[in-house]
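All of the numbers you see were taken from the coordinates with simple rules; none came from a lab. Bear in mind the structure is a predicted one, so any value in this text is a computation, not a measurement. Note that each Cβ is placed from the backbone with ideal geometry, even for glycine, and that neighbours are counted across all protein chains shown.
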Amino acid sequence: MPAHTATGGTTLLEQLGALGLAATCVDEDGAITAANDAFLLLTGVKMLLFIHHEFNIANNPVLRFLKKHLRVTDKPHGHRFWVRLPAPESSGGPPSTAPGAALVWWATPLFLALVLIEVVDLVFAVDSVPAIFALTNEPLIVFTSNIFAILGLRSMYFMLAGAVEKFHLLKFGLATVLVFVGLKMVWLNDAFGGKFPITYSLGFILFAIAASIVASLLFPKTQSHSEDLV
C-alpha cells in the first residue's frame, strides 16, 4: 500500500476516534472541555515563546524510542517499510557482513517517517477538538469540517511553509491567533455572557494575520538576521 494512502486512511480513523471520544467526554464532564481549551492556549503560548527555536528531528522522543527498540537501516530501501537483513554483530550496530549470518527484520527510515507523520496527525486530531466543539456540538458538522480540514492540511502546509519564508513575521501572527482562540474558549466566552461576538473574533484574526504580513513587507528579514537564526 502506498505511504500516502496509508497515512490518509489512518488520519481519518484517528480523527473520527478523537472526535467520538471528545463528544462523549464533553457531554459527561465539562472539565475535559476546559482541559482541551487550556491545551490549545498553552500551545499558542509555547509557539510565541519558542518561535525562533531550531527544531532538531534527531531529538524527537518518538524517533529516539523507535531507534532504541527497533533495528533501523541507515538508508531507505525503495518503498518498503521493513526488510530482512543479516542480524547485527552487536546491539545497535549495522547489519553483519559475516557470511551465513541469520536474517532478521529491520525497519527502514521510511517506516520511521510514517510513524512520525501518524503521530503528528494524532496531535492534530486532538488539538482540533476544542476548536470545533467551541462552535458546535452537531456530530455531522464536527466530523465533516475536520475531514475537509484534513483533505487540505498537507497542501496548506506547503503553502504556509513557503509563505513563512517570504513573510518572516507571519509565524507571530499565526501564534497570536492560536493564543486568542485559546483565550476565547477559556475566558472570553464566559466574560461575554457565553459567546464572544463572532465579528470581533474574525476581525481580530484578520487583523493579526494582515498585520504580520504587512510588517514582514515593511521590515524584511536581513541576511545577517537570517544567519543568526540558522
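A few comments on the model shown:
- In terms of other Cβ atoms within 10 Å, Thr43, Thr222 run from fewest to most in the order Thr222, Thr43.
- In straight-distance terms, cross-link reach from Lys221 covers every one of the lysines whose alpha-carbon lies under 22 Å from its own, apart from those fewer than eight places away in the same chain; here that gives Lys166, Lys171.
- Proximal lysines to Lys67, defined as alpha-carbon separation beneath 30 angstrom and excluding residues fewer than eight positions away on the same chain: Lys46, Lys75
- Residues Lys184, Lys221, ranked from the fewest to the most other C-beta atoms within 10 Å, line up as Lys221, Lys184.
- Per-residue Cβ neighbour counts within 10 Å put Ser96, Ser216, Ser155 in the sequence Ser155, Ser96, Ser216, beginning with the fewest.
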